[in-house]
Amino acid sequence: MPMNMNHVPDIIMNDNHQIQVVFNLEGVIATPNEVGPFTINTKPVFEVAFAAAEGYEYDGKIEVRMGDKLLSTPADYEYVPENDLPFTLKTPLSATLTITAKGTQKSYSVTTAYTNVSTPAEELPKSCRRTCCMATHYHSRSRRTRAMSYRRLSR
């Protein structure tokens, strides 16, 4: 049977009946990047801060699950990063606690504006339109030399 690599196990427990907290982050950095483990059937309290990773924006929202159950605030947990309050679980820990935070990748619009643009191609003599270097050469000379060059090119 194939394994689903995106599945988070319901319980990540060690020999002392402790459960791990898992951070599922996309474009977000957690500080510290790891907390726990915590003893089963306790209500852990820990400090964690989430911030946007480089090239991302983050709105501060998190999703918290205990096993497959989606937890809600303020009934199941409390987390107010603006007030520097620690994350507090209000229900006993019974399965792996997964905290998900997603950032949005920044995007930029680029526009261009041209200044000091030289002669449009349709105004150049046909011989100068053949290659860029000929057009550059033609327009960088004096009027008299250009006329002589034009005669040579048009033969």
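Residue by residue, here is whether (1) at pLDDT 95 or above; (2) small (Gly, Ala, Ser); (3) within 29 Å of the chain's Cα centre (by Cα); (4) surrounded by 10 or more Cβ atoms within 10 Å (Cβ to Cβ) holds:
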{"site": "THR42", "(1), (2), (3), (4)": "no, no, no, yes"}
{"site": "ALA95", "(1), (2), (3), (4)": "no, yes, no, yes"}
{"site": "LYS102", "(1), (2), (3), (4)": "yes, no, yes, yes"}
{"site": "GLU122", "(1), (2), (3), (4)": "no, no, no, no"}
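For region 90-113, the tally of residues that are farther than 20 Å from GLU57 by Cα, of a type outside the set (D, E, K, R) and either part of a loop (DSSP other than H, G, I, E, B) or touching a helix residue (DSSP H, G or I) at 6+ places or on another chain (Cβ under 9 Å) (or both) stands at 9.
Restricting to region 51-89, count the residues that are among the polar types (S, T, N, Q) and assigned to a loop (DSSP other than H, G, I, E, B).
Residues flagged as among the polar types (S, T, N, Q) and assigned to a loop (DSSP other than H, G, I, E, B) within region 51-89 amount to 2.
Pairs meeting the criteria (first residue in region 53-79 and under 20 Å from THR96 (Cβ atoms), second residue of a type in the set (Phe, Trp, Tyr), beta carbons under 7 Å, at least 6 apart or on different chains) are ILE62/PHE50; ILE62/TYR79; VAL64/TYR77; LEU71/TYR77; THR73/TYR79; TYR77/PHE87; TYR79/PHE87.
The values are calculated or read from the model by the stated rules, or taken from the named source; none is laboratory data. In this text, all values refer to a predicted model and were calculated from it rather than measured experimentally. Positions of Cβ are backbone-derived with ideal geometry, glycine not excepted, and every protein chain shown enters the neighbour counts.
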